[in-house]
Structure formats: structure tokens, C-alpha cells
Amino acid sequence: MKYCHHCAAKLILRVPEGDDRPRYCCDACDRIFYQNPKNVVGTLPIYGDQVLLCRRAIQPRLGKWTLPAGYMENGESSLSGAIRETLEEAGARVSVQDDCLYTLFNLPSINQVYMFFRAELVDLDFTAGAESQAVALFSEPDIPWQEIAFPVVKSTLKYYFQDLPVRRFPVRMFDVHHGEDHTVTTRLISQSPIGVDQ
Ligand SMILES: [Zn+2]
């Protein structure tokens, strides 16, 4: 961020009075521009014992498999955003239960929060959207674990197939840290005490 969105003056990065961290400040029109984390929302689309994955047609992680997810838009809820992304990226219509929130990931290193919701495919009429090369259903033994695009997706799938035999799906929250050597560490921070029968 270099120039003010309102008056186009050059911005200065400094700690405003009464604040405790640097912000982009415009001294010409006296505005402060706050930068906050973005929410990424998506679904874990389920059909029987299979899950739907999308092969990415865009960078980053072109050609790798992921769950349908994307940035929340203004004016929508996290769940409606997740359902919209599922339709856009996988052409898939889903229905959800009251207990659909499944995983939440804090990614402070890249200023993002991910949320995934468990969702049932309502039909098999899915098709790859503009950001996907392919969309396919996978049973656990067929999951391309070495070709999964993001650690948040890998963790969500890992816990899902761990929960599936007992059919209890507690909500879990994780902290994900990206090291300077490109290692990614995912730590389970919170887990709801009672899973819900499905
Ligand atoms: Zn300004």
C-alpha cells in the first residue's frame, strides 16, 4: 500500500497516536488504513464414504488437489461463502446440517483464517469451474496425499477419515505456522468436547 485511496497522497507507515503497531497513515486527509486477516471459506463435500476434490487450474499449487474454498465476499456469511465457492469451483450443489462447521485454521504468518464446513453433495452433477482442471470423488485409499495443495486441506481430510468410522465430527481449531525454511507446522489448539452423531 503506497498511496491514499481517498486523496492519492503518499502514505506513511507509522504507529498512530494511541495505537501499538504501525499503520499506513495519510497525513494529507488524516485517514488510517488498517490491514486485517482475510477469511477463506470452503466445504468438505461428501458423497457416501467419498470426498470431492478439485485439481487447481491456477497458481499457487497449480495441478494439486484441494477442497473448494475461497475468499469470503462482503455481505455474505462464512457458510454461504463456502457453498458459493463449492458451486463456482466444483459446479457442485451441497446441503448442510446444523453442525456443519468442521475445521478452523489460524494462519498468522500469512494473515488468513480458513474455515471448512462438512457438506453433502445433493447430486453427482458436478463439473470443474474456471479455477479447476478437474473435479473428482475420492475414497480414503485413493486420496492423492502427496498431491494435496495445502496443509489445511490435508489436515481437514486426515481428521475427516479419522472421524468417519465413529461418525463423530468435533469442531477443531488449529494454528498453522509457516517457517522461514518453508516448513509448515499445524498444531491442534481446540476441539469441541462432544462430537455429534450424524
Ligand atoms: Zn489521504
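The values are calculated or read from the model by the stated rules, or taken from the named source; none is laboratory data. Given the structure is predicted, the values throughout are model-derived calculations rather than measurements. Methodologically, a virtual Cβ is constructed for each residue, glycine included, from the backbone with ideal geometry; neighbour enumeration extends over all protein chains shown.
Below are the figures for this structure:
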read-out	value
Selected residue (criterion: surrounded by the fewest Cβ atoms within 10 Å (Cβ to Cβ)) from residues of the range 27-49 that are on the phi < 0 side of the Ramachandran plot and free of Cβ contacts under 8 Å to residues at least 24 places away in the same chain	Y34
Complete set of residues in the range 167-198 that are modelled with pLDDT under 95 and not in a strand (DSSP E or B)	R167, G179, E180, D181, H182, T183, S192, P193, I194, G195, V196, Q198
Residue, nearest to V153 (Cα to Cα), within the range 55-71, restricted to residues that are surrounded by 21 or more Cβ atoms within 10 Å (Cβ to Cβ) and not polar (S, T, N, Q)	L67
P144 surrounded by fewer than 14 Cβ atoms within 10 Å (Cβ to Cβ) and in contact (Cβ under 8 Å) with a residue 24 or more places away in the chain	yes
Some residue of the range 4-26 being surrounded by 11 or more Cβ atoms within 10 Å (Cβ to Cβ) and under 24 Å from the mean Cα position of the chain (by Cα)	no
Hits in the range 1-54 - residues which are outside any strand (DSSP E or B) and of a type in the set (V, I, T)	V15
Residue within the range 147-166 that is under 15 Å from R61 (Cβ atoms) and modelled with pLDDT under 95 present	no
